[in-house]
């Protein structure tokens, strides 16, 4: 998975030439998540001087350096930069998917997490994957939930990130908290869900040092 910074990333990341380059490098599937006009009202959080503009995911048996070079060329064209990580994927809620390059339904929020120094890797993973996962599902209106645990950085000087989490929400959730949390317009229920969710994320450090990128989601099958 690769984070890209820079403006006007959409055209380049949807380019047939980029897909051809990635396919030739052994990429079988490509996912492009872009912070664009469709999700403009949604909240963003950045740990850097500028917000991440896109997240690109590839499933490949080929060399990572070819993929990295292709995405670095995209970023350089818009005076941006790229950071990438190898990840292990879990899917607590399987997202609806059509691999034809069309925009997926809804808002796709991607959070880049850091493990707090005071937690061991095993304890952090348990608090997140075991304890928190059911809380997230029960307190939010998600219809897709993908957890990616970082195995290693694949670009030089990639910032320290330990996980990338993608959650899919109804598109109205970009500006409606009741739609985001599935509280049905009930303010008391919204408050209850918020309190439970915030208490859970605090236990594994997802209340700080995170990037949050609202995106539109596009999927491509590159296997011909």
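Summary of computed values
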item	result
Matching entry among 87, 67 (being touching a residue at least 24 places away in the same chain (Cβ under 8 Å), closer than 18 Å to residue 21 by Cβ and surrounded by 17 or more Cβ atoms within 10 Å (Cβ to Cβ))	67
Condition broken by residue 60, with the remaining ones in (1) crowded, with 22+ Cβ neighbours inside 10 Å; (2) touching a helix residue (DSSP H, G or I) at 6+ places or on another chain (Cβ under 8 Å) satisfied	(1)
Test: residue 77 is within 24 Å of residue 36 (Cα to Cα), touching a residue at least 60 places away in the same chain (Cβ under 8 Å) and touching a helix residue (DSSP H, G or I) at 6+ places or on another chain (Cβ under 7 Å)	yes
Residue tally, condition more than 18 Å from residue 42 (Cα to Cα) and either modelled with pLDDT under 95 or surrounded by fewer than 17 Cβ atoms within 10 Å (Cβ to Cβ) (or both), over the range 167-196	10
Residue 111, sole failed condition from (1) under 13 Å from the mean Cα position of the chain (by Cα); (2) over 28 Å from residue 201 (Cβ atoms)	(2)
Residue under evaluation residue 139, criteria (1) farther than 13 Å from residue 2 by Cα; (2) under 18 Å from the mean Cα position of the chain (by Cα); (3) modelled with pLDDT of 95 or more, criterion not met	(2)
Among the residues listed as 3, 12, the single one being in contact with a helix residue (DSSP H, G or I) (Cβ under 6 Å, 6 or more places away or on another chain) and in contact (Cβ under 8 Å) with a residue 24 or more places away in the chain	12
Elements of type helices (runs of 4 or more DSSP H) in the range 105-224, at least 1 residues being touching a helix residue (DSSP H, G or I) at 6+ places or on another chain (Cβ under 7 Å)	133-139, 177-181, 187-203
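For every residue, the table says whether it meets (1) in contact with a strand residue (DSSP E or B) (Cβ under 8 Å, 6 or more places away or on another chain); (2) surrounded by 19 or more Cβ atoms within 10 Å (Cβ to Cβ); (3) farther than 25 Å from residue 26 by Cβ.
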| site | (1), (2), (3) |
| --- | --- |
| 48 | yes, no, yes |
| 77 | no, no, no |
| 93 | yes, no, yes |
| 110 | yes, yes, no |
| 116 | no, no, yes |
| 129 | yes, no, yes |
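The values are calculated or read from the model by the stated rules, or taken from the named source; none is laboratory data. Treat the numbers as computed from the prediction; the structure is a model and nothing was measured. Glycine gets a Cβ as well: all are built from the backbone with ideal geometry, and neighbour counts include every protein chain shown.
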